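Chemist: Would you mind keeping the following structure in view while I ask a few things?
Each value in this text was obtained by applying a stated rule to the coordinates, not by laboratory testing. Quantities reported herein were computed from a predicted structural model and do not represent experimental measurements. Glycine also receives a Cβ, built like all others from the backbone with ideal geometry; neighbour counts cover every protein chain displayed.
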Amino acid sequence: MSSPAVPDLPMASLALCSEQEVTRLVHDFYARVRQDPQLGPVFDARVHDWDAHLAQLVDFWSAMLRGTRRFSGNPMSKHMAMPELERALFDRWLLLFSQTTAESGNPPMQRLADDVAVRIADTFWRRIQMQRWPELPVVRTLRPD
């Protein structure tokens, strides 16, 4: 029995994308999130300084896509403390993210960013499930097409 082919993902590197592309991706995505009827209220209830939050997210995505090392923080613990997080919100986050990356005009960056986003959503959702319902089997998040 053979395993399915894994798409050839680009590596995070300074050559993959520019800092301006990362900044545009983050700002475009979170502008979309803030307008979303499902995700907007969740973020608005938690984020009080959007400029600082966006700067931290740019640092995070720069680390993921370009291999920079500016990001510091613990996103897992912050998300674990949010009782309002449900699977549908992760699925919605992934959908909006993949729509935004598709508009980036940089297919290699899009492939890596989408893969990282799915891995993040899967990891966070698994941890939430283990924390809330330790007796139940863990279910993966939706993987956008």
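Chemist: As a check on your grasp of the helix formula, calculate [θ] at 222 nm for the chain: sum -39500 (n - 2.57) over DSSP H runs of n ≥ 4, divide by the residue count, round to the nearest 500.
Modeler: Mean residue ellipticity at 222 nm (helix-derived): -20000 deg cm²/dmol.
Chemist: Per 0.36 nm of contour for each residue apart, how much would the distance between S77 and R132 grow if the chain were fully extended, relative to their Cα-Cα spacing?
Modeler: Once the chain is fully extended between S77 and R132, it gains 18.4 nm.
Chemist: Across every pair of different alpha-carbon atoms, what Kirkwood hydrodynamic radius in Å does the chain reach?
Modeler: Kirkwood hydrodynamic radius for the chain: 16.2 Å.
Chemist: For the residues T68, T123, what sequence is obtained by ranking on other C-beta atoms within 10 Å, fewest first?
Modeler: By the 10 Å Cβ count, ascending: T123, T68.
Chemist: Order by neighbour count: D36, D51, fewest other Cβ atoms within 10 Å first, most last.
Modeler: Ascending Cβ contact count within 10 Å gives the list D51, D36.
Chemist: Continuing with the same structure: What list of ³J(HN,Hα) couplings, whole Hz, do you get for the range 42-58 from phi and the Karplus terms 6.51, -1.76, 1.60, once you set θ to phi - 60° and write x for glycine and proline?
Modeler: Using θ = phi - 60°, the values come out as 5, 5, 4, 6, 10, 9, 9, 10, 5, 4, 5, 5, 5, 4, 5, 5, 4 Hz.
Chemist: Then there is this: Using θ = phi - 60° and the Karplus form 6.51 cos²θ - 1.76 cosθ + 1.60, what ³J(HN,Hα) does each residue of the range 116-131 get, whole Hz, x for Gly and Pro?
Modeler: Using θ = phi - 60°, the values come out as 4, 4, 5, 5, 5, 4, 4, 5, 4, 5, 4, 4, 4, 4, 5, 6 Hz.
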